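Inspection log for the structure reproduced underneath, given as structure tokens.
The values are calculated or read from the model by the stated rules, or taken from the named source; none is laboratory data. Only a predicted model underlies this, so the values are computations on that prediction, with no experimental measurement involved. Neighbour counts are summed over all protein chains in view; Cβ atoms, including those assigned to glycine, are modelled from backbone coordinates with ideal geometry. Ligands, DNA and RNA are excluded from the accessible area calculation, which covers all protein heavy atoms including side chains. Shrake-Rupley method; radii C 1.70, N 1.55, O 1.52, S 1.80 Å.
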Amino acid sequence: MDGLNKGLRKVEIAVRWDPSPAGQPSTDLDLVAATYPADDPHGDPAYVVHFDSRSPDGTITLNRDSKDGQGFGYDEVMTLELDRLDVRYARVMVGVVIQQHPAERTFVSVRNPGLRIREGYTVLAEDDFGGVLGATAAVVAEFVREGSGPWVLHPGLRGFAGDPVDFTRTMGAAQHP
């Protein structure tokens with residue numbers, strides 16, 4: 001039966017958080033995705049998708065962008081159409097970055113954060129960022145495929161402490177134990 005597995009096709013990554021208390025600077029979380037070529041899946045990303053951008057072929061889009069967490073349900077939503085992604089790409093990393101202006105923040109200061117990854121109505125992963133409280137950004141998902149095979153998800157949070165620009169440049173680097 002394994003030959004019938006089509007893998008992941010169209011995935012939604014969603015992040016929510018509550019607005020900052022009155023009188024406090026607003027909190028802005030941003031979803032980012034980086035696509036890596038099959039010939040160098042741990043090198044530099046072929047392209048990065050974030051607020052005010054989308055993938056060149058339209059397969060990765062940011063459907064909802066919030067600058068303050070004020071909204072109903074999930075505040076940031078990104079769609080990955082993995083089944084349409086060109087075979088030259090073998091890896092997509094997705095992360096969440098906390099904007100550091102006007103105040104420096106880590107996940108410990110974000111009110112009621114949540115993450116949901118789903119395909120259709122099937123929830124693939126959920127998290128509350130509790131494992132990365134001291135981080136300014138976190139990798140939330142890794143999607144990989146071998147050749148033209150099916151896409152699979154490797155969920156799990158990996159925190160990052162540093163500048164958001166550095167995060168987007170290094171989020172897909174090979175991890176050493």
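General remarks:
- Heavy-atom surface analysis with a 1.4 Å probe gives the stretch 26-108 a carbon and sulfur content of 48 percent of its accessible area.
- Label-to-label distance, R88 versus Q100, with points set 7 angstrom from Cα along the beta-carbon direction: 3.3 nm.
- Whole-percent carbon and sulfur share, accessible surface of the stretch 138-177, 1.4 Å: 57 percent
- Within the stretch 10-49: backbone nitrogen closer than 14 Å to the V144 label point (7 Å, Cα to C-beta): 36-43
- Simple Cβ-charge dipole of the stretch 19-71, Lys/Arg +1 and Asp/Glu -1, about Cα centre, in debye nearest 20: 260 debye
- With a Förster radius of 30 Å applied to the C-beta separation of A22 and F51, the computed FRET efficiency comes to 0.75.
- Whether the stretch 118-177 is rounded, prolate or oblate, judged on the alpha carbon gyration tensor where a/c under 1.5 counts as rounded: oblate
- Computed [θ] at 222 nm, deg cm²/dmol, the chain (DSSP H ≥ 4; -39,500 (n - 2.57); rounded to nearest 500): -1000 deg cm²/dmol
- Applying a DSSP loop filter and a limit of 16 other Cβ atoms within 10 Å to the chymotrypsin sites (Phe, Trp or Tyr not before Pro) in the stretch 93-177 leaves Y121.
- Cα coordinate range in the stretch 71-177, projected on the principal axes (Å, largest first): 43, 34, 25
- Averaging 1/r across all pairs of distinct Cα atoms in the stretch 3-158 and inverting the result yields a Kirkwood radius of 16.0 Å.
- Span from the the stretch 22-65 Cα centroid across to the the stretch 129-177 one, whole angstrom: 12 Å
- Per residue, the solvent-accessible area of the stretch 93-177 (1.4 Å probe, heavy atoms of protein chains only, all protein chains present) comes to 52 Å².
- Contour excess over end-to-end distance, with Cα ends at D39 and R169 and 0.36 nm allotted per residue: 45.0 nm
- Once both labels are positioned 7 Å from their Cα atoms along Cα-to-Cβ, the gap between V108 and D128 label points is 1.7 nm.
- Exposed GluC sites (Glu not before Pro) absent: longest stretch of the chain, with sites in DSSP loops and at most 12 other Cβ within 10 Å deemed exposed: 1-103
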